[in-house]
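S.K.: Pasting a structure here, questions to come.
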Amino acid sequence: MPVFDIIKLFNYGFIRKKIFQREVEASYYSNRKFRLPVIPKIKTDNIGSFKSEYPFRFFKNKEEFNQSARILEKIELKDEIISLADKIYENTFYLNGEEIDLGDIITWNKDYISGFQWKNDLLWRTDPFNTPIGVDIKNAWEVSRFHQGIALGKAFLLTDDEKYTGKFISLINDFRENNPFCASVNWVDSSEVAIRLVNAIYALSFFIDSPLIDETFINDFRDLILFHSIFIENNLDYSYHRGSGYLLNLLGLAAAGVLFNNHHYGIKNINFAFQSFEQEIRSQITDDGISYEQSVPYHLVSLETLYLSKIILEKEGKLFSEGFNHLLSQMFEAQYNYLRADGSVPQLGDSISSRIITPCLVDNKLDYSTPIAVGAYLFSVEKYKTIYPGGTAELLLLFGPGFSEEYSAIKTEVIDKRSKGGFKGGHYFLRNREVEIFVDGGEIGRHGFGAPGHNDIFSFEVVYKGKQFIVDTGTYSFYAHPVIRNNLRSVRSHNTVFVDDIQISEFDGAFKMKGSDITRPKLLDWQSNNEEDILAIQHFAYIKLPDPVICKRTFHLFKEGNILKIKDELFGGLEHHIKAKFHFHPDVFVEKIENNHFSATRDNARIEIKFFTPSDYFYSSVQEADYSFRYGKLEKTKRIAIHLKEKFPTFIVTEILFL
């Protein structure tokens, strides 16, 4: 890193944060209120104008409020919306896909899965991550993201029942009173603070005209948003390799800025966020719309952050450039290609626990498809509309009831997905009518920094007849089990080859990699037509060995014959051990037929896998492995493991027949 950049990061990331911490400590230990920007309070005589001009409201008047309710009933089931809101009213929450009873009084600083509770203390005076095995701080953060507010708002929209308003108010007030500024586990991570800020602001839009939303609540609410905004700007996730966390920080500042758009503090944040977004999208997103973080699930985080920023800031007259909009449209295209028929995406890279804004809240399925409707609306893409022809609740929240007529005017065009190569980002899709293969040919992630990318170069997933067969093993948790965390992001837990049992890149803790990234993956060949797809890539991770090794993997999909051949070539000069793993979905039954021949069956779909190598030392087995289908969930599955020893150069051919 250049000396100037080091000095700049030191000045920004250290000195400013230290000054902020001293100001917080002076307030905390003297029991004085932390000094916020001086912004005029809302009074009785101007509360009406504040409500009517609230920048996040999606309806202008009662007529549009009722129109919105009618649209929502067409998009989602009324009974399900009300049932979910009633559960939230009783302090039931969906955490990682499971119903959790939060108790009569919500304990905001508690991991409801493990039962562990953090003490309220200044976050830099303690280590909130120093917890027993099995404790995950994200479980506390998830409850505090305030997704409950929008679920309550939807029920209020359909029923006009003020009990939902009362619950919304009580949740806001309870959080404010029981999470002292910078002295709660929920003030640790600026990305989480930003997500909570955005959800709270959008949730208020449902209730904004309620008489229960009085000047006392509004002033307390605005102060709470100011606390969030002040925290974010003094704790930016600003590093040499910035990622989705920094984008979330900018989104939080943009949303707070718009809320206070009649004050110089708000204008400052609006301008800073706008200019930074224009810069970050160019440094974080490749020309083919792929995030350089190299996590397929996390692509959704960056996508959602960037389109929310566009919607929020353009309403304030900040029009993004043609270059920004082009890259954003390419991100929607990448998400469209990641999507599978069941709403899932390949799991390569870190998983996400939930979306930023969850108009459908969280249930037992994390659906990655709903943002595509926003892409259809923003860019009038006909093929996107086929996924949600009637629109989504998110469109209603972001654009108001007027979206419905405009969305209906977009034509619907059904197009079969074809094979596609993301040459800049390194993500490839090989397809025929029944087979869909995703291949990761990109770098480790964030130019070698690491997470949310994994040691998964050359890894792939296979979907056959709409069913997941060969899968990535997922993430499980960032914090609960450090050993499992690093095992799941290890090269040994991906569907790829590795040499002498050595990592592609060595870990530095739970999120970083050691040293510089020498993998430098390179595309050698890409051909796609109606008969076949050919993809050849290589990487240089093992040139660090005493006998430097170059790895090349070629995928050849014969579309008419329903055959995939994978050829691994390893170039060096001495004898090495080679291992490779192939992980299966838990619903797949795996059977070893011969040493080089396996069968895998799921329902009415079956594949056979055969291995060919010139090595005299070749061993294979079916093993048990960890598998995480979503964040916070861990189960067992099966994998095929192969091991051979041979003098290089050598090769292995894996033949997969789709029967």
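The values are calculated or read from the model by the stated rules, or taken from the named source; none is laboratory data. Because the structure is predicted, anything quoted here is derived from the model rather than measured. Note that each Cβ is placed from the backbone with ideal geometry, even for glycine, and that neighbours are counted across all protein chains shown.
S.K.: Here is a check on your reading of the model: is Tyr238 part of a helix (DSSP H, G or I) and under 19 Å from the mean Cα position of the chain (by Cα)?
M.R.: In short, no.
S.K.: I'd like to know if the stretch 129-137 contains one or more residues that are touching a residue at least 24 places away in the same chain (Cβ under 8 Å), crowded, with 20+ Cβ neighbours inside 10 Å and within 30 Å of Tyr307 (Cα to Cα).
M.R.: Yes, the stretch 129-137 contains at least one residue that is touching a residue at least 24 places away in the same chain (Cβ under 8 Å), crowded, with 20+ Cβ neighbours inside 10 Å and within 30 Å of Tyr307 (Cα to Cα).
S.K.: To continue, here is another question. Quick one: Ile593 ticks every box in (1) farther than 30 Å from Arg485 by Cβ; (2) buried (at least 20 other Cβ atoms within 10 Å of the Cβ); (3) among the hydrophobic types (A, V, I, L, M, F, W, C) except a single one, so which number is it?
M.R.: Of everything listed in (1) farther than 30 Å from Arg485 by Cβ; (2) buried (at least 20 other Cβ atoms within 10 Å of the Cβ); (3) among the hydrophobic types (A, V, I, L, M, F, W, C), Ile593 misses just condition (2).
S.K.: While we're on this one: Would you please name the residue that is farthest from Ser351 (Cα to Cα), looking only at residues in the stretch 66-77 that are surrounded by 15 or more Cβ atoms within 10 Å (Cβ to Cβ) and under 28 Å from the mean Cα position of the chain (by Cα)?
M.R.: Taking the candidates together, the pick is Leu72.
S.K.: Something else now. Among Asp86, Asp79, Asp104, Asp45, which is part of a loop (DSSP other than H, G, I, E, B) and acidic (Asp, Glu)?
M.R.: When all the criteria are applied, what remains is Asp104.
S.K.: OK, next. Does the stretch 54-65 hold any residues that are loosely packed, with under 12 Cβ neighbours inside 10 Å and out of contact with any Asp or Glu (no Cβ under 8 Å at 6 or more places or on another chain), and which are they?
M.R.: Asn61, Glu63, listed by residue number.
S.K.: Every residue in the stretch 272-316 that is in a helix (DSSP H, G or I), among the small types (Gly, Ala, Ser) and either touching a Cys at 6+ places or on another chain (Cβ under 8 Å) or crowded, with 20+ Cβ neighbours inside 10 Å (or both), please.
M.R.: Ala273, Ser276, Ser302, Ser309
S.K.: Does Glu608 meet the test of being closer than 25 Å to Ser344 by Cα, part of a strand (DSSP E or B), among the charged types (D, E, K, R) and out of contact with any Phe, Trp or Tyr (no Cβ under 9 Å at 6 or more places or on another chain)?
M.R.: no
S.K.: Something else now. Tell me which of these Ser369 doesn't satisfy, since it passes every other one: (1) of a type in the set (Ser, Thr, Tyr); (2) under 30 Å from Asn66 (Cα atoms); (3) assigned by TED's automatic domain parsing to the domain that holds Ser628.
M.R.: Ser369 satisfies every listed condition except (3).
S.K.: Which pairs have Cβ atoms under 8 Å, sit 6 or more apart or on different chains, and link a residue in the stretch 393-407 that is farther than 12 Å from Ser205 by Cα to one that is aliphatic (A, V, I, L, M) and outside any helix (DSSP H, G or I)?
M.R.: Hits for this filter: Glu394/Ile357.
S.K.: For Leu319, indicate whether it is at pLDDT 90 or above and surrounded by 16 or more Cβ atoms within 10 Å (Cβ to Cβ).
M.R.: No; evaluated as a whole, the condition is false for this residue.
S.K.: Working only within the stretch 605-659, note down all residues that are farther than 16 Å from Asn487 by Cβ, buried (at least 18 other Cβ atoms within 10 Å of the Cβ) and either in contact with a helix residue (DSSP H, G or I) (Cβ under 6 Å, 6 or more places away or on another chain) or of a type in the set (Gly, Ala, Ser) (or both).
M.R.: Ser620, Gly632
S.K.: Which one of these is in contact (Cβ under 8 Å) with a residue 12 or more places away in the chain, in contact with a Pro (Cβ under 9 Å, 6 or more places away or on another chain) and farther than 23 Å from Asp472 by Cβ: Thr613, Thr650?
M.R.: Thr650
S.K.: Got at least one residue in the stretch 40-47 being within 23 Å of Asn179 (Cα to Cα), outside the structural domain of Val198 (by TED's automatic domain parsing) and either in contact with a Ser or Thr (Cβ under 8 Å, 6 or more places away or on another chain) or not hydroxyl-bearing (Ser, Thr, Tyr) (or both)?
M.R.: The answer is yes; a qualifying residue exists.
S.K.: Could you go through the stretch 390-404 and let me know if any residue there is under 24 Å from the mean Cα position of the chain (by Cα), under 30 Å from Leu557 (Cα atoms) and in a loop (DSSP other than H, G, I, E, B).
M.R.: For the stretch 390-404, residues under 24 Å from the mean Cα position of the chain (by Cα), under 30 Å from Leu557 (Cα atoms) and in a loop (DSSP other than H, G, I, E, B): absent.
S.K.: Now a separate question. I'd like the full set of residues that are closer than 23 Å to Ile19 by Cβ, in a helix (DSSP H, G or I) and not aliphatic (A, V, I, L, M), limited to the stretch 179-200.
M.R.: Once the filter is applied, which keeps residues that are closer than 23 Å to Ile19 by Cβ, in a helix (DSSP H, G or I) and not aliphatic (A, V, I, L, M), the stretch 179-200 yields Asn186, Trp187, Ser190, Ser191, Glu192.
S.K.: If you check Gly115, Gly97, Gly153, Gly103, which single one turns out to be crowded, with 19+ Cβ neighbours inside 10 Å and small (Gly, Ala, Ser)?
M.R.: Criteria check complete, one pass: Gly153.
S.K.: Scan the stretch 513-532 and give yes if some residue there is hydrophobic (A, V, I, L, M, F, W, C), within 29 Å of the chain's Cα centre (by Cα) and more than 23 Å from Glu569 (Cα to Cα), otherwise no.
M.R.: yes
S.K.: Counting only residues that are more than 22 Å from Gly445 (Cα to Cα) and among the charged types (D, E, K, R), which one in the stretch 526-566 is surrounded by the fewest Cβ atoms within 10 Å (Cβ to Cβ)?
M.R.: Among residues in the stretch 526-566 that are more than 22 Å from Gly445 (Cα to Cα) and among the charged types (D, E, K, R), the one surrounded by the fewest Cβ atoms within 10 Å (Cβ to Cβ) is Glu560.
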